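The values are calculated or read from the model by the stated rules, or taken from the named source; none is laboratory data. Computed from a predicted model, the values in this text were never measured in an experiment. A quick note on method: Cβ atoms are made from the backbone with ideal geometry, for glycine too, and the neighbour counts reach across all protein chains shown. To get the accessible areas, we keep the full protein, side chains included, count just its heavy atoms, and leave off ligands, DNA and RNA. Shrake-Rupley method; radii C 1.70, N 1.55, O 1.52, S 1.80 Å.
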Amino acid sequence: MSRKKIREHDAKKMLSTNLGRYGYADLQLEVALADAGSVEDNFQKLIRENPWLKTKKLVVKPDQLIGKKGKHNLVLLNADFDGAKKFIKENMGKTLEVQGISGVLTHFIIEPFVEHKEEYFLAIVSKRNEDTILFSDKGGVDVEEHWDRLIQIPVPIDANISDTDVKNSLGTISLPDDKKEKLASFIKALHKYFVDFGCTYIEMNPLAFSNGGQLVPLGLVTELDDCAFFKCESKWAGLEFPEQFGRKKYPEEEFVAELDDKTGASLKLTVINPDGKIWLLVAGGGASVIYTDTVVDLGYGKELGNYGEYSGDPNEEETYQYSKTVIDLATRKNGKVLIIGGGVANFTNVANTFKGIIRALREAKAKLQKNKMQIYVRRGGPNFEEGLKMMKGLGKELDIPMEVYGPETHMTKIVELAIAHMSGV
Amino acid sequence: MQTYELFSKNTEAFIYNLKAAPIQRMLDFDFICKRSKPSVAAVIQPGGDGYHKAFFGTSEVLIPIYSTIAKAALAHPNADVMVNFASFRSAYPSSKEALETKTIRTVAIIAEGMPEREVRQLVVLAQKNKKMIIGPATVGGITAGAFRIGNTAGTIENIISCKLYRPGHVGFVSKSGGLTNEMCNVIGRTTDGVYEAIAIGGDRYPGSTMLEHMLRFEQNPEIKMIVGLGELGGDEEYAIIDAKKKNLLKKPIVMWVAGTCAKMFPGEVQFGHAGAKTGKQTESADAKNKALRESGIIVPNSFEDFDKTIATTFQSLNLPAINEPEVPRLPLDYDAAVKKAMIRKPTNFISSISDDRKDEPYYAGIPMSKLIEEDYSVGDVISLLWFKKKLPKYATKFIETCIIIAADHGPAVSGAHNAIVAARAGKDTVSSLCSGLLTIGPRFGGAIDDAARYFKDGCDKGMSAEQFVDDMKKKGILIPGIGHRIKSAKNPDKRVELLKEYAKKNFPSHKYLDYALAVEQVTLKKADNLILNVDGCIGVLFVDLFDSCSEFSKEEVSEMVELGYLNGVFVLARSIGLMGHVFDQKRLKQPLYRHPWDDILFL
């Protein structure tokens, strides 16, 4: 959904292969990607496909959308291939913690080491009415300390970069004229690529002239608009969007993700705290965020077990499978309240989706009783009267404490009630 | 209409892409708002034309369909709104064209998942042409008592309970379409109701911003207070704060930014909306709520207090009560009434042989997959669809044998002849086939039923063969199934031989065949060609089959013989041959046939 970052390896490969057709032919990047398979076959395939690995001095770093690599001692500079192999073997599968999130290292990008002097910063940012090209002649790790040196070149959304005098805009930076010319033509081509390839953000830091006089992006971040997939499918050929670093999924989350893939409806589950007391079974993308907010705003964020939502009129079976998963998690440890919430539905048949939830609740009777779970329901929309009536009946049938409300009650009132009850327990 | 107004009671709209449900919902809303004219002027459907039928109250109206926006705009210069239901793939060109059409002022884009750049291009185009975009990725919006975009505000029951059929004094704007519904409910309960509710859509770059709508609300004297629901991500809310600081927004604004829970999640979280993702600290919901509060906008402590905050703010306005209009009762749709068991009606048709309402077709209760997996034959299918029985193997094999035997009898017989003549006249397959089939009757191929009937009757009554022949003679009826133009006792019909042989070998009993053969012995005494012919043989053997396979009661057997099942066997079989002749003639490119004069006796 929407903006997605891609691996630096893929970004460099895609840029290097395609920049030529936008009028800049001098970018030829050599780049390879090592994964667990590379270690297994002792890098045989990698060498076959990238013979330069054996002859050049190399740079190796993890390629998993981790920021600030240099600060984690994870960049190997100016090594030979044996050194690179050793580095990758040592680090592959290692757990790393970045800003409180720990993840496993699985991919490394390998490139030739480029001798250079000055380091620049170049980025293209999307804004509502324009793309903004940002350039600084003080790039590298400390770019933010020289933010005042940033040159901004706006390209209005309905303008063509060819009509923009990029070279003149680079104005005050101290570069010989031929290099400035080269940089300007690189930027123009890059912007055309940016537009054509559905990019929303490109950052080159650092960007440098090699000692041979070639412009080389040493670090490259590329973010794509995945809604442009249908237009860019052939251009992005084979591109994959890696998972966010360090987010290991619970089996229940994976199960719900699979359910979600199979249906036209939307089913989402994120486990926040398996030991939490408050569990959410909420309909609607917007409403689910607000229910979650309310738990947090009332000061009980640390007791929140999950975030999740079902919407888009899932059928009874899908709702059952989803509810079963949430209820199972909720009753496994300390779950004390279950919030079956939702706004006033547009067209989702409330009675039908409730049938699925009721089936799951009925099956979990013993577990719910064991946890002394209290259930709070609030919902409106088509057939809500019937749905609420069924819920009330179920509470009696299962002998589980349940409070049921309709659209006349404020949407998040049940969160307040649940928390009041829970604090008393 | 004022520039700050988008919709009025007279607004007419185009619907791009024929979507029957939202059109009906718009017209239902029009009806309960007592609009004089429906709000949908026309449908634009690429490649389509004609009319779409919809209800306006109890009566039906025809909504014209045009193939292009240009044609629709030419015919309906008063329509200034286009509700675009094109998919995310094609929403761009159609929206662009609408924004470039002089008479269209507002375009609502429903599609979710449009590329950012396409939307940004539309935004710039709209700014240039002074047009309004609502969406994409939205349900749209609603102006109470005046105009509704597509599905906004859900069911008619919800619209009535939120009093959206008449204007209140609150302007509402949010990103989320789903929550617009809930917020209409909240505003309906805590104030005198919504004047207008707009959902700008959850994309990062919505076609119009929350601020643009708030500024319209500010200018509109009918709107006395503004409610906003923002969310984390993006910087929309800061534009509102800026406007507030510049004193461009003077009316009371109650606003909440959803997504305060994001801080509980590790790393970046993408919630339901494309735009709901925080990067910078200032894009967080907490930061936005704080900044809004500091600028003088009324911000509750949590969503939980939102309704109370709206209520208090509204009460402080001290507005006079609204004179509540009477709401016309919307007739219930037939389907909805049936679902609620409120009405019933007798059916006009019955079917007992097949059912296609489930996920696969059923023949006499047996699902298609079983037919295929268990290798059912054509004979089985005929038994199921004609006799509603699963018959034993020898019986279905017999049915198939009859079909093979009766499939064709050369080009000279009357049916084939007619089919050939029709085919040569350039008629299509179905017409040529029918031309052949229409010759089937008492003299050609249609004797099977009658033969079965008479032989069964004679045999059941215990008449001797001689009595039977005499009886028929007295009645002046030629015995159906007896006699052949060419074949005779000395030159027997091979087809009849094969059938007799099969029955004698496989049938539990064949008393009707035996009876017919006894009759044949009597008729042969009169002439050599008065043999039991193929029609007669098939006829009596079917009676034997029904009688002896123990699947049918006596009454059922009589009924089947009466209903004309057996001629059906001939019609089915011969269709194969007739079509063969038709294809043959077409393949051979045979010209129109004209019968020669010298073959006709002119009197």
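Can you find a residue that is at positive phi, within 14 Å of chain B (Cβ to nearest Cβ), buried (at least 22 other Cβ atoms within 10 Å of the Cβ) and touching a residue at least 24 places away in the same chain (Cβ under 8 Å) anywhere in segment A:404-425? First the steps, then the outcome.
Let us first name the residues in segment A:404-425 that are at positive phi, namely none.
Within segment A:404-425 (the criterion being at positive phi, within 14 Å of chain B (Cβ to nearest Cβ), buried (at least 22 other Cβ atoms within 10 Å of the Cβ) and touching a residue at least 24 places away in the same chain (Cβ under 8 Å)), the answer is no, since none of the residues qualifies.
Out of the residues in segment B:324-352 that are open to solvent by less than 60 Å² (accessible area, probe 1.4 Å) and touching a residue at least 12 places away in the same chain (Cβ under 8 Å), state the one that is farthest from B:Ala144 (Cα to Cα). Spell out how you get there, then give the answer.
Just the residues of segment B:324-352 that are open to solvent by less than 60 Å² (accessible area, probe 1.4 Å), to begin with: B:325, B:327-328, B:330-331, B:336-337.
Now narrow it down to the ones that are touching a residue at least 12 places away in the same chain (Cβ under 8 Å): B:325, B:327-328, B:330-331.
On the way: B:Pro325: 13, B:Val327: 13, B:Pro328: 15, B:Leu330: 17, B:Pro331: 21 Å.
Once the filter is applied, the top-ranked residue is B:Pro331.
Out of the residues in segment A:339-381 that are free of Cβ contacts under 8 Å to residues at least 40 places away in the same chain and among the polar types (S, T, N, Q), which is farthest from B:Cys184 (Cα to Cα)?
Per the criteria, the residue is A:Gln369.
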Next item on the list: Would you tally the residues in segment A:105-121 being open to solvent by less than 50 Å² (accessible area, probe 1.4 Å), outside any loop (DSSP other than H, G, I, E, B) and touching a Pro at 6+ places or on another chain (Cβ under 9 Å)?
Entry: 4
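Filter segment A:122-154 down to residues that are in contact (Cβ under 8 Å) with a residue 60 or more places away in the chain, among the β-branched types (Val, Ile, Thr) and more than 13 Å from chain B (Cβ to nearest Cβ) and give me whichever is surrounded by the fewest Cβ atoms within 10 Å (Cβ to Cβ). Step through it out loud before you land on a result.
Step one: filter segment A:122-154 for residues in contact (Cβ under 8 Å) with a residue 60 or more places away in the chain, giving A:122-126, A:131, A:139-141, A:143.
Imposing the further condition that a residue be among the β-branched types (Val, Ile, Thr) reduces the set to A:124-125, A:141, A:143.
Cutting the leftovers down to more than 13 Å from chain B (Cβ to nearest Cβ) gives us A:141, A:143.
Working: A:Val141: 14, A:Val143: 20.
Looking at residues that are in contact (Cβ under 8 Å) with a residue 60 or more places away in the chain, among the β-branched types (Val, Ile, Thr) and more than 13 Å from chain B (Cβ to nearest Cβ), I get A:Val141.
Of the residues B:Val540, B:Val582, which single one is touching a Leu at 6+ places or on another chain (Cβ under 9 Å), crowded, with 16+ Cβ neighbours inside 10 Å, closer than 21 Å to B:Ile399 by Cα and among the β-branched types (Val, Ile, Thr)? Even if it seems obvious, please write down each step before you answer.
On the way: B:Val582 fails: closer than 21 Å to B:Ile399 by Cα.
Exactly one of B:Val540, B:Val582 is touching a Leu at 6+ places or on another chain (Cβ under 9 Å), crowded, with 16+ Cβ neighbours inside 10 Å, closer than 21 Å to B:Ile399 by Cα and among the β-branched types (Val, Ile, Thr), namely B:Val540.
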Margin query: Name the single residue that is farthest from A:Phe245 (Cα to Cα) among those in segment A:7-26 being modelled with pLDDT of 95 or more and hydrophobic (A, V, I, L, M, F, W, C).
Written below: A:Leu19
Next item on the list: Taking the residues in segment B:414-441 that are out of contact with any Gly (no Cβ under 8 Å at 6 or more places or on another chain) and assigned to a loop (DSSP other than H, G, I, E, B) as candidates, determine which candidate is nearest to B:Tyr565 (Cα to Cα).
Entry: B:Leu438
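For segment B:581-603, how many residues meet the condition of being within 45 Å of the chain's Cα centre (by Cα) and closer than 12 Å to B:Ala422 by Cα? Full working, then the answer.
Taking segment B:581-603 as the starting set, the residues that turn out to be within 45 Å of the chain's Cα centre (by Cα) are B:581-593.
Checking which are closer than 12 Å to B:Ala422 by Cα leaves us with B:581-583, B:585-586, B:590-593.
The qualifying residues number 9.
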Note to self: Looking at segment B:47-59 only, could you name the residues that are modelled with pLDDT of 95 or more and either more than 20 Å from the chain's Cα centre (by Cα) or surrounded by fewer than 18 Cβ atoms within 10 Å (Cβ to Cβ) (or both)?
What the structure shows: B:Gly50, B:Tyr51, B:Lys53, B:Phe55, B:Phe56
Notebook entry, point to check: So how many residues does segment B:25-52 have that are in contact with a helix residue (DSSP H, G or I) (Cβ under 7 Å, 6 or more places away or on another chain), part of a helix (DSSP H, G or I) and not hydrophobic (A, V, I, L, M, F, W, C)?
Noted result: 1
Next item on the list: Could you tell me which of the residues B:Asp450, B:Asp408 is open to solvent by 40 Å² or more (accessible area, probe 1.4 Å) and assigned to a loop (DSSP other than H, G, I, E, B)?
Entry: B:Asp408
Notebook entry, point to check: Where residues in segment A:156-197 are in a helix (DSSP H, G or I) and either within 14 Å of another protein chain (Cβ to nearest Cβ) or touching a Cys at 6+ places or on another chain (Cβ under 8 Å) (or both), which of them is farthest from B:Leu125 (Cα to Cα)?
Noted result: A:Tyr193
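Can you go through B:Arg105, B:Arg117 and tell me which one is within 14 Å of chain A (Cβ to nearest Cβ), open to solvent by 10 Å² or more (accessible area, probe 1.4 Å) and modelled with pLDDT of 95 or more?
On the way: B:Arg105 fails: within 14 Å of chain A (Cβ to nearest Cβ).
None of the other options fit; the residue is B:Arg117.
Quick check, is B:Asp286 at pLDDT below 95, open to solvent by 10 Å² or more (accessible area, probe 1.4 Å) and outside any loop (DSSP other than H, G, I, E, B)? Before the answer, list the steps.
Values: at pLDDT below 95: yes; open to solvent by 10 Å² or more (accessible area, probe 1.4 Å): yes; outside any loop (DSSP other than H, G, I, E, B): yes.
Yes; evaluated as a whole, the condition is true for this residue.
Is there a residue being without any contact (Cβ under 8 Å) to a residue 24 or more places away in the chain and open to solvent by 10 Å² or more (accessible area, probe 1.4 Å) anywhere in segment A:262-272? Before the answer, list the steps.
In the first step, residues of segment A:262-272 are kept if they are without any contact (Cβ under 8 Å) to a residue 24 or more places away in the chain; the result is A:262.
Pick out the ones that are also open to solvent by 10 Å² or more (accessible area, probe 1.4 Å) and you get A:262.
So far as segment A:262-272 goes, yes, one or more of its residues are without any contact (Cβ under 8 Å) to a residue 24 or more places away in the chain and open to solvent by 10 Å² or more (accessible area, probe 1.4 Å).
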Next item on the list: State the number of residues belonging to segment A:259-300 that are over 22 Å from the mean Cα position of the chain (by Cα) and within 12 Å of chain B (Cβ to nearest Cβ).
Entry: 13
Checklist line | Every residue from segment A:72-84 that is open to solvent by 40 Å² or more (accessible area, probe 1.4 Å) and closer than 19 Å to A:Arg48 by Cα | finding: A:Asp80, A:Asp82
Margin query: Among (1) modelled with pLDDT under 95; (2) more than 14 Å from chain A (Cβ to nearest Cβ), there is one condition B:Gly154 misses while meeting the rest; what is its number?
Written below: (2)
Next item on the list: Please verify whether segment A:328-341 includes one or more residues that are within 14 Å of another protein chain (Cβ to nearest Cβ), crowded, with 24+ Cβ neighbours inside 10 Å, over 26 Å from the mean Cα position of the chain (by Cα) and closer than 26 Å to B:Ile159 by Cα.
Entry: yes
